[in-house]
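Below is one structure, written out as structure tokens; comments come after it.
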Amino acid sequence: MKVEGVSFGRTPLPARQADALRRAARLEWISIGTLVITATSVFLVLGSSQAMRAAWFEDLLSFIPPIVFLVAIRVVRTRPSPRHPYGRHRSVGVGHLVAAVALTAMGGVLVVESGLSLLRAEHPTIGTVALFGHSVWLGWLMIIVMAVTGVPPVILGRMKMGLARELHDKVLYADADMNKADWMTSLGTIVGVLGIGLGVWWMDATAALLIAGSIVHDGIRNLIAAVSDLMDARAMSFDDRLPHPLVDRIDRLLADLDRVRDAGSRARDEGHVFHIEAFVVPHDGTVTLAQLDAAREACVALDWKVQDIVVVPVPELPGVVT
């Protein structure tokens, strides 16, 4: 079943994916609203803690994936044109790359700053604030803020993960994966703040260094995946762990057709959908246009992600096909 009016380029989305898209967009708006509250709360109790500063920068960086996702799903709806005959599905890959570069760069800066603080043996201090007529150690407020603000991203991340799989959206997956790991940032920051309170000065800088290292790790991992997709690497699953099974399904379908002796294909991941070149070797060396068109329609019917596919008869398969 297709849902009229909901599409990626010229690909109408089935009801299940259209619903997943709406829910994903809603979750990303909720994420942005949550981040506004979180980043503001952390800033208000920032103090001189390196760990709190690193956590605040991570909150600011966390705005990038949801914004990129919301922009990308609008851009990819643009239908193909003479200037962009494949549509604008690559905007997902471009957004993925932008987010990855930002994470890597800012994470690298934080690693250097935290490392220098550790080497210089800087001893941060946390003062007190007046609260309801009482003098309260600011560290307790930091701990409360980090404990409370660390919960929503984990819940949102788990909700986004299934939708990322449904939509084959790597930006949404990267956002979900970062959200799910936010509890480690909160825990590390709390440990760093407690370290300052106990007089163990190096725990704060160490916690900041670990948070910065986590940001760099996420950035590099996503950078590799984004560059790989933009360089037309083999189509992979949404989490880049395995080759996408849809390509093998297409090969098996074509190989099982009458008059076909062998079949193979090459697939590009365009963002949400695939561009596929499929090759068939006829038994007797001939195949009609009607048969080729029927084969193409059968492949398109397999999955909504088969955005654009060509089926080409050849005497033998090219050297590099799946």
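Every number here is computed from the coordinates shown, using simple stated rules; none is lab data. This structure is a prediction, so every number in the text was calculated from the model and none was measured. So basically every Cβ, Gly included, is an ideal-geometry build from the backbone, and we count neighbours across all protein chains shown.
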Name the most mobile residue of Ile143, Ile224, Ile190, meaning the one with the largest mean-square fluctuation, in a Gaussian network model of the chain with Cα contacts below 10 Å.
Ile224
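Would you kindly state how much longer the chain becomes between Val300 and Trp137 on full extension, computed as 0.36 nm times their sequence separation minus their alpha carbon distance, in nm to one decimal?
On the way: separation 163, 0.36 × 163 = 58.68 nm, distance 6.32 nm.
Length difference between fully extended and current span is 52.4 nm.
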Taking H placed 1.01 Å from N in the peptide plane, check which residues at least 5 places from Ser265 or on another chain put their amide H under 5 Å from its amide H.
Phe279, Thr322
For the chain, with a Gaussian network of springs between Cα atoms less than 10 Å apart, report the residue from Met203, Met231, Met161 with the top mean-square fluctuation.
Met231
Along the three principal axes, how long is the chain when you take its alpha carbons, biggest first, rounded to the nearest angstrom?
88, 40, 33
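222 nm [θ] for the chain, helices only, -39500 (n - 2.57) per DSSP H run of 4+, per residue, to 500? Mind showing how you got there, number by number?
Details: 11 runs with 194 residues, N = 322.
About -20500 deg cm²/dmol.
Mind giving me the FRET efficiency for Thr286 and Asp248? R0 is 22 Å, r the Cβ-Cβ distance, nearest 0.05 is fine.
Values: r = 27 Å, r/R0 = 1.21.
E(calc), rounded to 0.05, equals 0.25.
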Taking the Cα centre of segment 245-313 as origin, work out the dipole magnitude from +1 charges on Lys and Arg Cβ and -1 charges on Asp and Glu Cβ, in debye rounded to 20.
60 debye
Measuring from the longest principal axis of the C-alpha atoms of the chain, the long axis of helix 138-149 (C-alpha) lies at a number of degrees, nearest 10, equal to 20 degrees
How many Lys pairs in the chain lie less than 20 angstrom apart by Cα atoms, where the lysines are 8 or more positions apart or on different chains?
6
Just to be sure I understand: with springs between alpha-carbon atoms less than 10 Å apart, which residue in Ser49, Ser81, Ser62 has the highest mean-square fluctuation in the Gaussian network model of the chain?
Ser81
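Determine one quarter of the surface area of the Cα convex hull of segment 60-112, which equals its mean projected area, and express it in nm² to one decimal. Walk me through the numbers before you get to the answer.
On the way: hull surface 15.4 nm².
The orientation-averaged projected area of the Cα hull of segment 60-112 comes to 3.9 nm².
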If you count the DSSP beta bridges with both ends in segment 264-318, what percent of them are antiparallel, to the nearest 5?
45 percent
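Using the 10 angstrom Cβ neighbour count as an exposure proxy, how do Thr206, Thr189 rank, fewest first? Walk me through the numbers before you get to the answer.
Numbers: Thr206 20, Thr189 32.
Ordered by Cβ neighbours within 10 Å, fewest first: Thr206, Thr189.
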Stretched out fully, how many nm does the piece from Arg158 to Arg79 gain, at 0.36 nm a residue minus the Cα gap?
25.3 nm
Cβ-based charge dipole, segment 10-118, positive-most Cα from Val109, Leu21, Ile37
Leu21
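Taking the Cα centre of the chain as origin, work out the dipole magnitude from +1 charges on Lys and Arg Cβ and -1 charges on Asp and Glu Cβ, in debye rounded to 20.
Value, rounded to 20: 620 debye.
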Compute the acute angle (0 to 90°) between the alpha-carbon long axis of helix 202-230 and the principal axis of greatest extent of the alpha-carbon atoms of the chain; round to the nearest 10°.
10 degrees
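I need the Kirkwood Rh of segment 148-235: take the reciprocal of the average 1/r across all distinct C-alpha pairs and report it in angstrom.
Details: mean 1/r = 0.0685 Å⁻¹.
With all distinct Cα pairs of segment 148-235 included, I get 14.6 Å.
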Please report, to one decimal in angstroms, the Kirkwood hydrodynamic radius of segment 234-322 built from all distinct Cα-Cα pairs.
13.1 Å
